[in-house]
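Asks: Before I ask anything, let me first share the structure, which is written out below as structure tokens.
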Amino acid sequence: MTSSAMTSTEADAQYDPPLHVGWFSRKGLLLHLTMLFVVAGCTAATWWQLDRALAGNGLSWAYTFEWPCFAVFAIVLWWKILHDPVEDDGSEPAPRAR
């Protein structure tokens, strides 16, 4: 028995969901700028904590390795926001308040 209906894998292969945020859209550019600001701040904080750790502050060693983790986390979130597809529930967008 042959069926003219597509299987779910065939339907998934044909559907290409839109990106959540476009690379060069207004939201995308704001997201890029925010990510760069956060990574630059984490880099500066790492440098500052490394300087304090080398001067003898033992607790600063933990922060020296913590700030790069925050920067990596920001980069991962930036990537996921740009590449996760939008879930369309079929509803109309809410009207804007004036």
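Asks: For LEU30, work out the one condition from (1) of a type in the set (A, V, I, L, M, F, W, C); (2) modelled with pLDDT under 95; (3) farther than 19 Å from LEU82 by Cβ it doesn't fulfil.
Replies: The single condition LEU30 does not satisfy is (3).
Asks: Then there's this: Which residue is surrounded by the fewest Cβ atoms within 10 Å (Cβ to Cβ), if the candidates are limited to segment 52-98 and must be modelled with pLDDT of 95 or more and of a type in the set (S, T, N, Q)?
Replies: Among residues in segment 52-98 that are modelled with pLDDT of 95 or more and of a type in the set (S, T, N, Q), the one surrounded by the fewest Cβ atoms within 10 Å (Cβ to Cβ) is ASN57.
The values are calculated or read from the model by the stated rules, or taken from the named source; none is laboratory data. Since we're looking at a predicted model, the values are computed, not measured. So basically every Cβ, Gly included, is an ideal-geometry build from the backbone, and we count neighbours across all protein chains shown.
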